[in-house]
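Worksheet for the structure shown next.
Read-outs throughout are calculated quantities, based only on the coordinates presented, and are distinct from any laboratory measurement. Here the structure is a predicted model, which means the values were calculated and not measured. Cβ placement follows ideal geometry from the backbone for every residue including glycine, while neighbour counts extend to all protein chains displayed.
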Amino acid sequence: MADLLILMGLIALGYFAGSATERRHYRSISKREEAFLHLPAVTFRSHGSLADASESRLVTGCAVISVDYFKRILAGLRALVGGRVKAYESLLDRARREAVLRMKEADPTADIIVNTRIETSSISKGGSNRQSVSTIEALAYGTAIHVKKKGT
Amino acid sequence: MKYTPRPITENVNVSKTSPLREFFTLLLGILAFLVGVYVLLGLTVDLVAPRISPRLEDRLAGLFTSFYAAEDPASPQRARLQALLDDLSAAAGQDERQYQVHVVPDPLVNAVALPGGHIVLFSGLLDQVASENELAMILGHELGHFGNRDHLKGLGRGLVLVFLSAAALGVDSKASRMLQSLLVTTEMRFSRKQELLADAWGLELLVRKYGHAGGASDFFRRVHEQEGGKRFSYLFATHPYPEKRVRSIEMFISEREIPVGETVPFSRQSP
């Protein structure tokens, strides 16, 4: 009985703390995305002929997001019957957007970031310990280009 | 090409369904499925249990040794209880099985019939017992469970549940270990009907040994008086109301016109 109560307590903690964290994170993401609208991150391999570039450099941004207990149990139940693991969708979405934001923050004065790529990896993958925390990492990288200012 | 900055307003990558709703739908669905399978297999087990051979049963007995691991085999009480049990099982003549009694120090007022012919008495029960006749009634009751194969029926359902949880969640998962610990407390009980039948069996043995039914209902009456008006706690219990048991035992005695004689005293301290 005590075990069951602890389990229910952990699930409740996971749900309330997890959704509060998620809401806060999304607020921060949309605010910062708004602020960085002037800096496009695109997947083109180059920006024009690059002849007008004064500077180009590699920028990376990386975010690690952990699952909460509620989502973990929910995904475990989902794993029994199959289907879309909706519980994890928002985790990945947050990780990708946070990573892109951090990449932009790495060079806020750039004019454009080209050849943007996003990669994800699961940090707990392959662990023999079943109790290890499922955590995902998103890494965004690209080439930040500074365009020559007219008259220089 | 012109770049037009636009904020993300619509997010197609995240489903907009309620996770709580998904959680409860999945949980209830899976539980309903497991309960369905459990009930179905449980019904089959009730058919199978009476056909399990004593040899197979003795092999299953190994699963339950933890129940009486805490007992003190050298206690003088145990020898006396064992002698009483041997008398009763000889009086019953139901099979050649060697029944063994175990006394476990625990305040629980209860006794358990385990596979392999093991009867576990908790010392809390011995504290409440006043006469040897009452004890014979209790031991006879447990022998009745063996006679009716109730102990295997309980165990069989339990095995089905352990099997199911192990298949669904893995043998070593926290949840399936939790289920197994729950089993020990819930599954080794029997239905009210089984208890009343075992009472009748115990009474029969009591009369065969002592020639009268003295002390048959004393124990249950005492338990009832001590519990007072705590009726509610019996709502979910599988044992019948002690009051109801007393009544059914006394009805049995008066119907069959069994004489009621003097009881032989028993106390924990006497050897």
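Some observations on this one:
- Annotation note: of A:ASP111, A:ASP68, the sole residue that is more than 29 Å from B:TYR3 (Cβ to Cβ), surrounded by 19 or more Cβ atoms within 10 Å (Cβ to Cβ) and of a type in the set (Asp, Glu) is A:ASP68.
- Residue within the range A:107-124 that is at the interface with chain B (Cβ under 9 Å from one of its Cβ atoms) and in contact (Cβ under 8 Å) with a residue 12 or more places away in the chain present: yes
- Unique match (being surrounded by fewer than 18 Cβ atoms within 10 Å (Cβ to Cβ) and assigned to a helix (DSSP H, G or I)) among A:GLY48, A:GLY76: A:GLY76
- Residue check, A:ARG45 farther than 20 Å from A:GLU137 by Cβ and charged (D, E, K, R): yes
For every residue, the table says whether it meets (1) within 14 Å of chain A (Cβ to nearest Cβ); (2) within 42 Å of the chain's Cα centre (by Cα); (3) surrounded by 13 or more Cβ atoms within 10 Å (Cβ to Cβ); (4) within 25 Å of A:GLY18 (Cα to Cα).
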position: B:LYS2; (1), (2), (3), (4): yes, no, no, no
position: B:PRO5; (1), (2), (3), (4): yes, no, no, no
position: B:THR9; (1), (2), (3), (4): yes, no, no, yes
position: B:ASN13; (1), (2), (3), (4): yes, no, no, yes
position: B:GLY36; (1), (2), (3), (4): no, yes, no, no
position: B:ASP46; (1), (2), (3), (4): no, yes, yes, no
position: B:PRO50; (1), (2), (3), (4): no, yes, no, no
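- Here A:ALA41 passes the criteria (1) surrounded by 12 or more Cβ atoms within 10 Å (Cβ to Cβ); (2) out of contact with any Gly (no Cβ under 9 Å at 6 or more places or on another chain); (3) under 20 Å from B:GLU10 (Cβ atoms) except the one numbered (2).
- Look at the range A:77-94: where a residue is within 7 Å of chain B (Cβ to nearest Cβ) and in contact (Cβ under 8 Å) with a residue 60 or more places away in the chain and a partner is outside any helix (DSSP H, G or I) and not acidic (Asp, Glu), sitting 6+ places away or on another chain with Cβ atoms under 7 Å, you get A:SER90/B:VAL14.
- Hey, A:VAL59 touching a residue at least 12 places away in the same chain (Cβ under 8 Å), surrounded by 15 or more Cβ atoms within 10 Å (Cβ to Cβ) and not in a helix (DSSP H, G or I) or not: yes
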